[in-house]
Amino acid sequence: SQQGEEDPQALSIQEGENATMNCSYKTSINNLQWYRQNSGRGLVHLILIRSNEREKHSGRLRVTLDTSKKSSSLLITASRAADTASYFCATDFGNEKLTFGTGTRLTIIP
Amino acid sequence: NAGVMQNPRHLVRRRGQEARLRCSPMKGHSHVYWYRQLPEEGLKFMVYLQKENIIDESGMPKERFSAEFPKEGPSILRIQQVVRGDSAAYFCASSPYRDHEQFFGPGTRLTVL
């Protein structure tokens, strides 16, 4: 399977702490995208990082990509209660079909 | 610029009926993708369409499922003779061109009784 796998499956942290989620995949990618999904809702696009990029930032989010290890990480700094959601990585192998992992369920404890 | 629109948001069908799910992409987006999400799982690709053309339908079940994206109007995902296993959330995404972010709609939650 080419499926991306997020790690950990679930993460609970105190408000204000940083949260780190990891994603691993098996074959070469064109790009990797991170999404957030609140319970029962649609997906919100967070960041796209291309295979020739190593790091991208957006507000409190930082995404890294290590193509030699076939892995990516999403860091959320200074977490807030509103960050509670499931986070998915999705890989594009160049065929426009995003392959999603099963997600990391993040809970921020106020 | 409105986001991706999907309707209905919730759809209940009895076994054997037909389900029609609609997706209006963001303005200026000509690439549409359909994904299915089963409970507690990630999304699974179904089909990729450009205006009037099916580009990749490798994720679509061979029978009962079809998709279209006509020149005018929304993209339609059609499921004929629904079965209980079709119960899922169906998401549509759009992008303006290849190798770009895919923006998702709110989804249609299909329940088959």
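The values are calculated or read from the model by the stated rules, or taken from the named source; none is laboratory data. Since this is a predicted model, take the numbers as computed values, not measurements. Glycine also receives a Cβ, built like all others from the backbone with ideal geometry; neighbour counts cover every protein chain displayed.
Show the residue pairs meeting these rules: Cβ distance below 8 Å; 6+ apart or different chains; first residue within the range A:81-98 and touching a residue at least 60 places away in the same chain (Cβ under 8 Å); second residue in a helix (DSSP H, G or I) and basic (K, R).
Short answer, once both residue conditions are applied: none.
Restricting to the range A:1-59, count the residues that are assigned to a loop (DSSP other than H, G, I, E, B), under 17 Å from B:K44 (Cα atoms) and either aromatic (F, W, Y) or modelled with pLDDT of 95 or more (or both).
The total comes to 1.
Looking only at the range A:50-69, count every residue that is of a type in the set (A, V, I, L, M) and within 11 Å of chain B (Cβ to nearest Cβ) and tell me the total.
0
Report, by residue number, each residue of the range B:45-56 that is crowded, with 16+ Cβ neighbours inside 10 Å and under 12 Å from A:E96 (Cβ atoms).
Within the range B:45-56, B:F45, B:V47, B:Y48, B:L49, B:I55 qualify.
Out of all the residues in the range A:32-44, which are touching a residue at least 12 places away in the same chain (Cβ under 8 Å) and surrounded by 16 or more Cβ atoms within 10 Å (Cβ to Cβ)?
Answer for the range A:32-44, where residues must be touching a residue at least 12 places away in the same chain (Cβ under 8 Å) and surrounded by 16 or more Cβ atoms within 10 Å (Cβ to Cβ): A:L32, A:Q33, A:W34, A:Y35, A:R36, A:Q37, A:L43.
Restricting attention to the range B:91-99, does a residue exist that is without any contact (Cβ under 8 Å) to a residue 12 or more places away in the chain, surrounded by fewer than 20 Cβ atoms within 10 Å (Cβ to Cβ) and closer than 28 Å to A:G103 by Cβ?
yes
With the condition kept exactly as written, say whether any residue in the range B:65-86 is closer than 26 Å to A:T104 by Cα and not basic (K, R).
Checked the range B:65-86: at least one residue is closer than 26 Å to A:T104 by Cα and not basic (K, R).
So A:L75 fits all but one of (1) among the hydrophobic types (A, V, I, L, M, F, W, C); (2) in contact (Cβ under 8 Å) with a residue 40 or more places away in the chain; (3) within 14 Å of chain B (Cβ to nearest Cβ); what number is the exception?
Here A:L75 clears every test but (3).
From the residues in the range B:57-76 that are farther than 12 Å from B:W34 by Cα and free of Cβ contacts under 8 Å to residues at least 40 places away in the same chain, which one is surrounded by the most Cβ atoms within 10 Å (Cβ to Cβ)?
Checked the range B:57-76; the qualifying residue surrounded by the most Cβ atoms within 10 Å (Cβ to Cβ) is B:R64.
Quick one: count up the residues across the range B:40-98 that are away from chain A (no Cβ under 14 Å) and among the polar types (S, T, N, Q).
5
Evaluate the range A:95-110: report whether one residue or more is away from chain B (no Cβ under 11 Å) and in a loop (DSSP other than H, G, I, E, B).
yes
Listed residues B:S30, B:S87, B:S66; which is among the polar types (S, T, N, Q) and farther than 24 Å from B:V112 by Cβ?
The conditions single out B:S30.
Just one of the numbered conditions (1) surrounded by 15 or more Cβ atoms within 10 Å (Cβ to Cβ); (2) in contact with a Lys or Arg (Cβ under 9 Å, 6 or more places away or on another chain); (3) outside any strand (DSSP E or B) is not true of B:V32; which one?
(3)
Tally time: how many residues in the range A:26-49 are more than 10 Å from chain B (Cβ to nearest Cβ), more than 24 Å from B:G107 (Cβ to Cβ) and in contact with a Phe, Trp or Tyr (Cβ under 9 Å, 6 or more places away or on another chain)?
4
Given the condition in contact with a Phe, Trp or Tyr (Cβ under 6 Å, 6 or more places away or on another chain), of a type outside the set (D, E) and within 11 Å of chain B (Cβ to nearest Cβ), answer yes or no: does some residue in the range A:79-88 qualify?
Scanning the range A:79-88 turns up at least one residue that is in contact with a Phe, Trp or Tyr (Cβ under 6 Å, 6 or more places away or on another chain), of a type outside the set (D, E) and within 11 Å of chain B (Cβ to nearest Cβ).
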